[in-house]
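Every number here is computed from the coordinates shown, using simple stated rules; none is lab data. As the structure is a prediction and not an experimental result, all values here were calculated from the model. Cβ: placed from backbone, ideal geometry, glycine included. Neighbour counts: every protein chain shown.
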Amino acid sequence: MTYAEKERSPGDLLAGIESHLQMIEARYPLTITNKDQVAGRTLGKTHDQRCILSITLSLNHWAAVNGITGDVVIPEKVLDLIL
């Protein structure tokens, strides 16, 4: 069993999602103001770490392609498409 396949508690998964979002903020000059909502909806969608990684990588791609900067609310429409 790989690290990614091991069962994780919801708290551990939530912390992982938040870490991914913080990495996006560190990479680009932006602050995600609805991090809690994004993390909660992501966790509500899946507990699979690979899916979580795919979701957060998609958010990273969205920020990069759209040149997002400053304080940003990830729109529900974007989150709905990714989730």
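Quick notes
- Phi-based couplings in Hz for region 38-55 (Karplus 6.51, -1.76, 1.60; Gly and Pro marked x): 4, 5, x, 5, 5, 5, x, 7, 7, 10, 7, 5, 5, 5, 4, 4, 4, 5
- From the coordinates shown, P(r) over Cα pairs in 5 Å bins from 0, in percent corresponds to which of [x] 3, 15, 29, 25, 16, 8, 4, 1, 0; [y] 3, 15, 21, 19, 14, 11, 8, 5, 3, 1, 0; [z] 3, 15, 30, 28, 17, 5, 1: [x]
- Annotation: amide H of T33 within the under-5 Å range of V72, V73, I74, sequence separation 5 or more or interchain, hydrogens built in the peptide plane.
- Taking the helices alone, the chain has a mean residue ellipticity at 222 nm of -21000 deg cm²/dmol, built from -39,500 (n - 2.57) per DSSP H run of at least 4 residues and averaged over all its residues.
- When each of the peptides 10-20, 36-46 is scored by how many other beta carbons lie within 10 Å of its residues on average, the order from highest to lowest is 36-46, 10-20.
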